[in-house]
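Asks: Dropping the structure in here first, questions after.
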Amino acid sequence: MDVQLNKELFNTRLKYILDSWTKASKNDEFGTLTDVDTIFLPAGDPSPEDEPIRKGVAFQTWLLGYEFPATLTLIQKDKVYILCSPTKAKHLDQLRKHKTAVPVELLVQAKSKAPPTDALPRFLEAFTTHQRIGTLTKEAPKGKVIDEWNKALDAVEKRPELVDIAPAISALLAVKDEEELKTVRTAANLTTCLLAHHAAVKLETILDRETVISHEQFAAQIETRLGSGEGENAKGPDMRVWSKGRGLTDIDWDATEFCYTPVIQSKTSKDGYDLKTTAESTEDNMAHKGVFLISLGMRYKGYCANLGRTFIVDANKEQEAIYGLLYSLQQELIPRMKDGAVIRDLYQHAVSYVKKHKPELEKNFVKNIGFSMGLEFRDANYVISPKNGRQLKSNMIFNLSLGFQDLEDESRNKYALQLTDTIKVGMDKGICLTDVIKSSKDILLYFRDDDVDMDAKPSKKPSAKTNGHPSPMKNKTAGGKVLRNKTRSAAQEEVIQSTAAKIAEHQKELHANLQEEGLARYSEEGAGGTGKEGKSWKRFQSYKGHEAALPREVESLRIYVDRKAQSVVLPIHGFAVPFHINTIKNVSKNDEGEYTYLRVNFQTPGQLAGKKEDTPFEDPDATFIRSVTYRSIDGHRFDTISRQITELKKEVNKREQQKKELADVIEQDTLIEIKGRRPHKLQEVFIRPPLDGKRLPGEVEIHQNGLRYQSPMGSQKIDILFSNIRHLFFQPCDHELLVILHVHLKAPIMLGKKKSQDIQFFREASEAQFDETGNRKRKYRYGDEDEIEVEQQERKRRHMLNKEFKAFAEKVAEASNSSTGEGLEVEIPFRELSFEGVPFRTNVRLQPTTDCLIHLSDTPFLVVTLADIEIASLERVQFGLKQFDLVLVFKDFTKAPLHINSIPSSQLDDVKNWLDSVDIPLAEGPVNLNWGPIMKTINDSPYEFFQSGGWGFLGGAGEESEQEEESESESDFEGGSFQESSSSEDDNESDFDGSDASDDSGSGSYDDGSDDGADWDELEREAIRKDKKAAESDRHRGDDSDSDARPKKKVVAKAKANGKANGKANGKAKR
């Protein structure tokens, strides 16, 4: 076979060795290289398959790309010598001819029957010219070449001193480059796929059927998923398993193998539970209850990934608690595995965490919690132990192995718990590459007795909290004996309790956690500062300098509107006084007799102007001019001035609104185009939002650090960097007209003149059919045959589209993960969980995904990240109503809550079940709430809000509140306060959006000349207050009246007449 060596990679790594060697100091990780003259690496005959890979072989493979047995390598700072056979020399000659950092000289030995050459003596001469030689002293390779070398070395009178450089070799191998990281991710994907889609499912089947099988046999069955047999009886990889994995479409199965035979342990293992890496599966038959340990390690192209899991059947409360501690400890440690972290500090933190939560388990905690991995499965120089002072570096790969051993159950039987994962060290935090099946809901199994006592009193048990990553095994019942997350009493509860009762039980736990998190998030000291910090006094300067900066037109002491300076110059007592347009609220003009009056109203504190009442001022106690009135007989001039001021006000407001909208837009870095090969492309796709010009399909390309969309002929292009992608969605064209690849960004970017946080690539699923009247097929075929064929072709075309888009989406995710290491996954909507609602103006189908709630079929798009939701409020939940509303409140209280209206009541239970399943606290009530004042109160002081009970005023799910019937006074937060209701979405948001003194509340409005300067909005609100007061007095006239609801309907009618109704039957208009 013609072996092609990666010459550029060899040169890069050789240069890395020489640079590290040159810069090495005694106190860093390359300290053992400081006093070394040369590096000597002997390679003997290949090791048996059951032996682990030695460090010398790993280093040679890393440097050369392949293992070359029976070779001797001498690396000097000015030259590299390689002693090898003629066959190997043919392959290694590629390096000799290439321009490398230092020259490579091949010393070729003679063939077995040929006369000897001077290769060995020359190599020995180069070796003995040095005094201190670095090598792997603890390794003893074997083979003919090694024997010849040792014999030649024995004849030398003065041998050089040998220095162990294993720590430096470990440091060279520890930090992975991009190509190595990609290979490790593939190995991790193989490992997680095997566990999730075979090992765990098979274990469940064995327990369900009580199959008699030994630990060795179960391990062998897992091992055969990679293939078995030889010759004609050989079987390839089991694609029924591997096809379910992520990013496993282009796997080189010849380069895939197990790091070790899978390890299965149960309470019947003759050697007991063993958490060491040397543990093996025994020939004893597996137990069907108790604790089960599964360890799997896969190697792809030489690079390792490993994971270990615990499964517990009929766990008691103590076992659940200990595993919960193990899981929370892992979540605590992974973010700490970042660049610069000291290994011993990591171990000490783990011990401290165990001491804090369960001090009695310290003696059972493992002595080390992992090691570095790569080509070598376990690097002894990077073991996470209390004595290791080495530092973690970004892009290292670690096997984080947590566990408790020698634990005892109620029967004094010993058991152990483990949780092992492959972790990539990042700059800011670690990333788990094998994040699958490890939450309590995933690993706790319970037997359900067939003779369940139906009269037994159920014991209440809160459900375990999920980790937000649903696994393929979740919510699965096998055969009727094994249940997930159900104790015997819980199985009885399932028969007795209704679904609503279970949701209420879980919601109590979620609401309690929400309250605790809220109090922890906002400290008492920061209570006043966590609200609307953006609301501050803004200075507006009309002219810089003194009077010389004023325009000449003011010399006549007449009112002048200066559009350039955005100011209005008013004559006051013989002086021209400029006022910035943002200090002016509005202007009004009215005629009285022969005079025309022009009134300029200013922004001042203390005005009851709704959203302007809390406008900040530098000194609210100062004396303010509220308005200035001018009189003139020139009505036409005042008309012109009034119009100019109003237009300038509108123009400035519009400009500041645009500036505010574009505040979060980022400027992306430059896209790095891929070199050396053509980029992966998705052709003939349209983009939304559309680009300028004619609507034509373009193509999407995957480059090194992002995506690029190019319109036809390359006239327009859009770059999307992987670092700015938050979610990636693939929506198949089943039951849809479009097949969609959708990108949701972390921060908006500019597309043309508009900003966009969502970019979508799509293709229409249906194509134009042949004309039935003129198609040739109609002449010879009759009946429904042609229609059936068309339907078959349509299904086939849709299937091909789905396959093409999904494969491209997975390539995008893989490229993103290689570039950023953030673990981007392709999310596919669950149509069976979808429901209809109105998030904007039209009724659409909303579909949940793993981490989001989305609507992608039409614009405007909706993408809500579930992790950003604080609480969900179900409103208008009443018997007899056909629809209800859903309000999603975000953890960022400065964002306006999302209203999804008019959801059919028939889907209420489905929505509640879904919200509960993704651990979102929910509440329900019979009326709509006015969320503007609620969010304003929360933003003013979040700490006081949680101190006073937090979200308790909403009531938990399933709790019926009778406060409206028991008390005549209603909550300040209810939507019945029509004077606080808003007739537009902008008004709702302005209650808490931190708007400054510049606003459009007065633009285009004209006062009627009243003395107090009140405008139409104020008069309208006063009329609503009077109507409400009259309606309340009518309601109190008699308690025995049959028509108690009639006065409330009058309030609604009057409110609508004034143009301030919400458009919903909410607040006091409800019962």
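The values are calculated or read from the model by the stated rules, or taken from the named source; none is laboratory data. Worth saying up front: this structure is predicted, and the values here are computed from it rather than measured. Glycine gets a Cβ as well: all are built from the backbone with ideal geometry, and neighbour counts include every protein chain shown. SASA here: full protein model, heavy atoms, side chains in, ligands and nucleic acids out. Shrake-Rupley method; radii C 1.70, N 1.55, O 1.52, S 1.80 Å.
Asks: Do we have any residue at all in the range 812-821 that's over 19 Å from residue 181 (Cα atoms) and surrounded by 14 or more Cβ atoms within 10 Å (Cβ to Cβ)? Please lay out each step first, then the result.
Replies: From the range 812-821, those over 19 Å from residue 181 (Cα atoms) are none; that's our starting set.
No, the range 812-821 contains no residue that is over 19 Å from residue 181 (Cα atoms) and surrounded by 14 or more Cβ atoms within 10 Å (Cβ to Cβ).
Asks: Would the range 299-309 turn up any residue that is assigned to a loop (DSSP other than H, G, I, E, B) and over 30 Å from residue 415 (Cβ atoms)? First the steps, then the outcome.
Replies: Start the filter on the range 299-309 by keeping residues that are assigned to a loop (DSSP other than H, G, I, E, B), which leaves 301-302.
From what is left, the residues that are over 30 Å from residue 415 (Cβ atoms) are 301-302.
Taking every residue of the range 299-309 in turn, at least one turns out to be assigned to a loop (DSSP other than H, G, I, E, B) and over 30 Å from residue 415 (Cβ atoms).
Asks: Given 395, 413, 388, which one is closer than 30 Å to residue 268 by Cβ and not charged (D, E, K, R)? Before you say what the answer is, go through the steps one by one.
Replies: Working: 395 fails: closer than 30 Å to residue 268 by Cβ; 388 fails: closer than 30 Å to residue 268 by Cβ.
Sole residue among the options that is closer than 30 Å to residue 268 by Cβ and not charged (D, E, K, R): 413.
Asks: Before we move on, is residue 174 open to solvent by less than 20 Å² (accessible area, probe 1.4 Å), under 42 Å from the mean Cα position of the chain (by Cα) and not polar (S, T, N, Q)?
Replies: Working: open to solvent by less than 20 Å² (accessible area, probe 1.4 Å): yes; under 42 Å from the mean Cα position of the chain (by Cα): yes; not polar (S, T, N, Q): yes.
Considered against the rule, which asks whether it is open to solvent by less than 20 Å² (accessible area, probe 1.4 Å), under 42 Å from the mean Cα position of the chain (by Cα) and not polar (S, T, N, Q), residue 174 comes out as yes.
Asks: Let me ask another. Just wondering, is there one or more residues in the range 401-412 that are buried (at least 18 other Cβ atoms within 10 Å of the Cβ) and either in a loop (DSSP other than H, G, I, E, B) or in contact with a Ser or Thr (Cβ under 6 Å, 6 or more places away or on another chain) (or both)?
Replies: Checked the range 401-412: at least one residue is buried (at least 18 other Cβ atoms within 10 Å of the Cβ) and either in a loop (DSSP other than H, G, I, E, B) or in contact with a Ser or Thr (Cβ under 6 Å, 6 or more places away or on another chain) (or both).
Asks: For the range 725-748, what are the residues that are touching a helix residue (DSSP H, G or I) at 6+ places or on another chain (Cβ under 7 Å) and within 17 Å of residue 669 (Cβ to Cβ)?
Replies: Of everything in the range 725-748, those that are touching a helix residue (DSSP H, G or I) at 6+ places or on another chain (Cβ under 7 Å) and within 17 Å of residue 669 (Cβ to Cβ) turn out to be 725, 745, 746, 747.
Asks: Which of the residues spanning the range 848-871 are touching a Phe, Trp or Tyr at 6+ places or on another chain (Cβ under 8 Å), touching a residue at least 40 places away in the same chain (Cβ under 8 Å) and over 12 Å from residue 898 (Cα atoms)?
Replies: Those that are touching a Phe, Trp or Tyr at 6+ places or on another chain (Cβ under 8 Å), touching a residue at least 40 places away in the same chain (Cβ under 8 Å) and over 12 Å from residue 898 (Cα atoms): 848, 849, 852, 854, 856.
Asks: Of the conditions (1) of a type outside the set (A, V, I, L, M, F, W, C); (2) open to solvent by 50 Å² or more (accessible area, probe 1.4 Å); (3) not in a loop (DSSP other than H, G, I, E, B), residue 885 satisfies every one except a single condition; which number is it?
Replies: (2)
Asks: Hey, can you tell me all the residues within the range 28-46 that are polar (S, T, N, Q) and open to solvent by less than 40 Å² (accessible area, probe 1.4 Å)?
Replies: Of everything in the range 28-46, just one residue is polar (S, T, N, Q) and open to solvent by less than 40 Å² (accessible area, probe 1.4 Å), namely 38.
Asks: Hey, another quick one. Being assigned to a helix (DSSP H, G or I), within 23 Å of residue 446 (Cα to Cα) and not aromatic (Phe, Trp, Tyr): is that true of residue 187 here? Let's see the steps before the verdict.
Replies: Working: assigned to a helix (DSSP H, G or I): yes; within 23 Å of residue 446 (Cα to Cα): no; not aromatic (Phe, Trp, Tyr): yes.
Considered against the rule, which asks whether it is assigned to a helix (DSSP H, G or I), within 23 Å of residue 446 (Cα to Cα) and not aromatic (Phe, Trp, Tyr), residue 187 comes out as no.
Asks: Now for a separate question. Which condition number does residue 240 fail, the rest of (1) modelled with pLDDT of 90 or more; (2) among the basic types (Lys, Arg); (3) surrounded by fewer than 21 Cβ atoms within 10 Å (Cβ to Cβ); (4) assigned to a helix (DSSP H, G or I) being met?
Replies: Looking at each condition in turn, residue 240 falls short on (1).
Asks: Being free of Cβ contacts under 8 Å to residues at least 60 places away in the same chain, among the β-branched types (Val, Ile, Thr) and either on the phi > 0 side of the Ramachandran plot or open to solvent by less than 30 Å² (accessible area, probe 1.4 Å) (or both) narrows it down to one of 104, 80, so name that one.
Replies: Details: 80 fails: free of Cβ contacts under 8 Å to residues at least 60 places away in the same chain.
It is 104.
Asks: Right, another one. Here are some residues: 211, 282, 278. Which one is within 30 Å of residue 179 (Cα to Cα) and of a type in the set (S, T, N, Q)? Even if it seems obvious, please write down each step before you answer.
Replies: Values: 211 fails: within 30 Å of residue 179 (Cα to Cα); 282 fails: within 30 Å of residue 179 (Cα to Cα).
Exactly one residue qualifies, and that residue is 278.
Asks: Here is a further query. Select from the range 243-258 the residues that are under 29 Å from the mean Cα position of the chain (by Cα) and in contact (Cβ under 8 Å) with a residue 12 or more places away in the chain and write down the one among them that is surrounded by the most Cβ atoms within 10 Å (Cβ to Cβ).
Replies: The extreme case among them is 247.
Asks: With respect to residue 220, determine if the residue is without any contact (Cβ under 8 Å) to a residue 60 or more places away in the chain and open to solvent by 50 Å² or more (accessible area, probe 1.4 Å). If you could, list the steps in order and put the result at the bottom.
Replies: On the way: without any contact (Cβ under 8 Å) to a residue 60 or more places away in the chain: yes; open to solvent by 50 Å² or more (accessible area, probe 1.4 Å): no.
It is false that residue 220 is without any contact (Cβ under 8 Å) to a residue 60 or more places away in the chain and open to solvent by 50 Å² or more (accessible area, probe 1.4 Å).
Asks: State all residues of the range 1-23 that are hydrophobic (A, V, I, L, M, F, W, C), touching a helix residue (DSSP H, G or I) at 6+ places or on another chain (Cβ under 8 Å) and open to solvent by less than 30 Å² (accessible area, probe 1.4 Å); if no residue qualifies, say none.
Replies: First pass over the range 1-23, keeping only residues hydrophobic (A, V, I, L, M, F, W, C): 1, 3, 5, 9-10, 14, 17-18, 21.
Within this subset, residues satisfying the condition of being touching a helix residue (DSSP H, G or I) at 6+ places or on another chain (Cβ under 8 Å) are 3, 5, 9-10, 14, 17, 21.
If the condition is that a residue be hydrophobic (A, V, I, L, M, F, W, C), touching a helix residue (DSSP H, G or I) at 6+ places or on another chain (Cβ under 8 Å) and open to solvent by less than 30 Å² (accessible area, probe 1.4 Å), then 3, 5, 10, 14, 17, 21 are the ones that fit.
Asks: What strands (runs of 3 or more DSSP E) lie completely within the range 660-765 and have 3 or more residues being of a type in the set (A, V, I, L, M, F, W, C) and either touching a residue at least 24 places away in the same chain (Cβ under 8 Å) or surrounded by 12 or more Cβ atoms within 10 Å (Cβ to Cβ) (or both)? Step through it out loud before you land on a result.
Replies: Details: elements: 681-688, 698-702, 706-710, 717-721, 725-731, 738-751, 754-764.
Result: 681-688, 717-721, 725-731, 738-751, 754-764.
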